[in-house]
1. Go through segment A:87-116 and count every residue that is out of contact with any strand residue (DSSP E or B) (no Cβ under 9 Å at 6 or more places or on another chain) and within 20 Å of A:E19 (Cβ to Cβ).
2. Tally the residues that are open to solvent by 50 Å² or more (accessible area, probe 1.4 Å), within 9 Å of RNA strand B (Cβ to nearest atom) and outside any loop (DSSP other than H, G, I, E, B), restricting the search to segment A:786-811.
3. Could you run through segment A:57-84 and say how many residues are open to solvent by 10 Å² or more (accessible area, probe 1.4 Å), assigned to a helix (DSSP H, G or I) and within 16 Å of RNA strand B (Cβ to nearest atom)?
4. Give the number of residues within segment A:238-249 that are open to solvent by 10 Å² or more (accessible area, probe 1.4 Å) and either in contact (Cβ under 8 Å) with a residue 40 or more places away in the chain or in contact with a His (Cβ under 6 Å, 6 or more places away or on another chain) (or both).
5. Select from segment A:21-45 the residues that are of a type in the set (G, A, S) and open to solvent by less than 20 Å² (accessible area, probe 1.4 Å) and write down the one among them that is nearest to RNA strand B (Cβ to nearest atom).
6. Residues that are hydroxyl-bearing (S, T, Y) and more than 16 Å from RNA strand B (Cβ to nearest atom): does segment A:745-754 have at least one?
7. Out of the helices (runs of 4 or more DSSP H) lying entirely within segment A:263-307, which hold 3 or more residues that are surrounded by 12 or more Cβ atoms within 10 Å (Cβ to Cβ) and away from RNA strand B (no atom under 16 Å from the Cβ)?
Amino acid sequence: MHERYEPRTVETDAQKFWESQHSFRVTEDASRPKFYCLSMFPYPSGKLHMGHVRNYTIGDVLTRHHRMRGMNVLQPMGWDAFGLPAENAAMANKVPPAKWTRDNIAYMKQQLKGLGFALDWERELTTCNPDYYKWNQWLFTRLFRKGIAYKKTGVVNWDPVDQTVLANEQVIEGRGWRTGAPVEKREIPMYFLRITQYAEELLGALDGMEGWPEQVKLMQKNWIGRSEGVRIGFPYELNGEKKTLWVFTTRADTLMGATFCAVAAEHPIAIAAAKTNPALAAFVEECKQGTVLEAELAQLEKKGMPTGTFCTHPISGEEIPVWVGNYVLMTYGEGAVMGVPAHDERDFAFALKYDLEIAQVIDVKSFALDKWQGGYTDYGNCINSGKYDGLEFQASVDAIAADLKAKNLGEKQVQWRLRDWGISRQRYWGCPIPIVHCAACGDVPVPDDQLPVVLPENLVPDGTGNPLAKLPAFYETNCPSCGKPAKRETDTMDTFVDSSWYFARYACPDQSNAMLDERARYWMAVDQYIGGIEHAILHLLYSRFFTRAMRDEGLLPGVAEPFTRLLTQGMVLAETYYTDANGRREWINPADVDLTRDARGKILTAKSKDGKDVVFDGIGTMSKSRNNGVDPQQLIEKYGADTARFFIIFASPPTSTLEWSDEGVDGSFRFLKRLWNYASVYAGKTAESTGDSKAIRHEIHAVLKQANYDLQKHQFNTVASACMKILNSIEKIRGRNAASEEGMSILLRLLSPITPHVCHALWRQLGFGDNVMTAPWPEPEPAALEQDEIDYVVQVGGKTRGNVKVPKSADQNTAGAMAAEAVKKYIDGKAIRKTIIVPGRLINIV
RNA sequence: GCCGGAAUGGCGGAAUUGGUAGACGCAGCGGACUCAAAAUCCGCCGCCUUUAAAAGCGUGUGGGUUCGAGUCCCACUUCCGGCACCA
């Protein structure tokens, strides 16, 4: 046995062993409980980043732990291979996205293999391969025929110079990233998936999902956003035609205080008024500038302009003005709201600004017309509301809804915040949408025998629109229905489509006759899903929707939820720095910044390697766009995969955000070295000290008990600590005896999911067996946990004043008396009011 | 702006349901070994007063509940994630 710990040799040997044994290959096995453990697949951006190492180490710890508990564990891996960065790289390097992507996959796969993850590589899948995306297309055509997929217009960011659609990420401070031109909103036809049809089910099912964090369920609940209210009609006349302006409100009790209505710039009233009113036309035009980003829209200064149109209040019959408001969203409800300045903060500010009437109709306290106060939105009884005066919230809503219904101007309604999912992307590197546009037959889905619609792989985009739209060889085709010349759709699908069902395909990646087969029925649902908290809404919600859509296609009978248990990993953050080059930010990797700090750790100066001053721009998620990713490869090369794995597990609990710093990694490396040294130096010797073996056994088994509890809670950082504590205990023995032997056996098994290579080597070399992966999971022995005396903390009036050892057999009175004796000097001369005894823990004398 | 989180020594973090705050590490300080250094091993290590013994303070801020609060409640501050075309 080598005296020195040499990670490279140890890791290569272990990996060769696993490969030769096909240790991670799994098949369906009815005799054992199955456990499908899945980490979110990576986008092949170039090389692994720390977030990947963290994610996949957590997944591997879970996988290896469950294997040792006797379960049939599937842990696969694949590539989320379509997406925008490949097109950006293609433009920068003049290399087709396909080549860039596949090169990245090859490199990252080697990195993953080097980290020793227990992955079944025979199931690897890549979303940009036709044998995968064929089934995107196949399912799309099914959903299209059912009406779940449909066409309507959607709003996109438009770069007027490059004549191209921009992703939100490509809009920097309202301007196109390449051209610097102010971005405009533009409406274009797109395909949508009717996720709203599943809104009720997606919301209702959350309650029963006990394996999901409350936090994520709450976010999804709020995102779906069910609200109960009243749909209210305000009749108006436009060009002599009688129409009704429909609004939705959750506060119908305030209807008598509605003094105006506001519509979105895209609303028919606004468009009609703009035709005859140049000032209004300019305002409508202004509203079209800027991005579609909701975060920015919500923080815009609220502006408006009267349309000149008036509508009739459905109860009072008064004429109230209709305004255009830049804060009214066409995408929510019907693009119009009623304005109740007295009881809505936004309406109040709007009314003050434009001198609109403010009419209090709820008896909230101390109402003042000139100043908004928090209580104005409180519920209360109606006042100044005619026949509704004195009614409380629910009664007034009921009465108003009934009256509106009688007039055919409203009814109670349930409204959802969730919108249908627009999946069309005017981009090259994605899955082609399988539709042919025929002048005679309309939008015709591509028939099964013509699938997949293959994406040509040799194109290089140039930033001025989708290259597919410039390639007649791609878009010129014949109508599958009538055979006449027709045009193929050139938009591709949102990459979220690819990732909304990949988890099911891992069960049967080689199946060429169907999207899924009976193997998917065996493995689904995923028992444990692991991935970043940033996916809490979109990816996870889309996957829940897709799983139901697949269920309703008969592909996954009885499966509604894709992920039984969810572990949301905290993000790995890093500091960000930039240099300012002629107003354009150049992002500098934190590894290339030299810092000086003051005694409190505050940054004094920051310089790049070439001596330029660098601006610190806070801490944020590691990303390509801010060049603050930390490459784990250097860490792995210097210390080995086991140290990298141990350190990232040890550094913080899986769900916490982690500000990356590799200070402290030495400690993890030292621990593995100490473990190795102990095994090589002392393992051959008989013990020097055997006297306190009983106490040491107690320590080890108590730590093991706690570690098993922590594993259940997924608190892996303290499991790593536990391993260190066990080694500390064993080291006191300084040699080999029954206690150290047992301790080592426990330690190597407990540690093996975290650092599998070194544990594999030591398990064999110390003669415990051939393969630690097949050893049973260690459990504490009750006898070793027994103690004769209990250590009580003694408090006087809640302050800790001492300790007392009480025999296990002693009753409460004896224990109390012993405690009082132990802290005598603190209670001398004072009356004892009562004594609180927490069995096994603490005695408080008051 | 809206939704969801987080805040504990110089640093990462621990504290199972309200019960000894700081486990386990990092950094630092002192020592052993060494010609020396590295590596390794041993000890100390929240703040403050103090020669010491001992006392007081202490879990982002301000209140509250309790015999007892890092943990529960109310109000705030700062930071992080998401906001539908980054993935």
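The values are calculated or read from the model by the stated rules, or taken from the named source; none is laboratory data. Please read all numbers here as calculations on a predicted model, not as lab measurements. Counting neighbours? That spans all protein chains shown, and the Cβs are built from the backbone with ideal geometry, glycine included. In case anyone asks, the SASA skips ligands and DNA or RNA and just uses the protein heavy atoms, side chains included. Shrake-Rupley method; radii C 1.70, N 1.55, O 1.52, S 1.80 Å.
1. Adding up the residues that qualify gives 9.
2. Residues meeting the conditions: 5.
3. The total comes to 1.
4. Total satisfying the criteria: 5.
5. A:S39
6. Among the residues of segment A:745-754, at least one is hydroxyl-bearing (S, T, Y) and more than 16 Å from RNA strand B (Cβ to nearest atom), which makes the answer yes.
7. Hits in segment A:263-307: A:268-276, A:278-288.
Every residue, every condition in (1) at pLDDT 95 or above; (2) in contact with a helix residue (DSSP H, G or I) (Cβ under 8 Å, 6 or more places away or on another chain); (3) not β-branched (V, I, T), yes or no:
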residue: A:T196; (1), (2), (3): yes, no, no
residue: A:Q220; (1), (2), (3): yes, yes, yes
residue: A:L238; (1), (2), (3): no, yes, yes
residue: A:E241; (1), (2), (3): no, no, yes
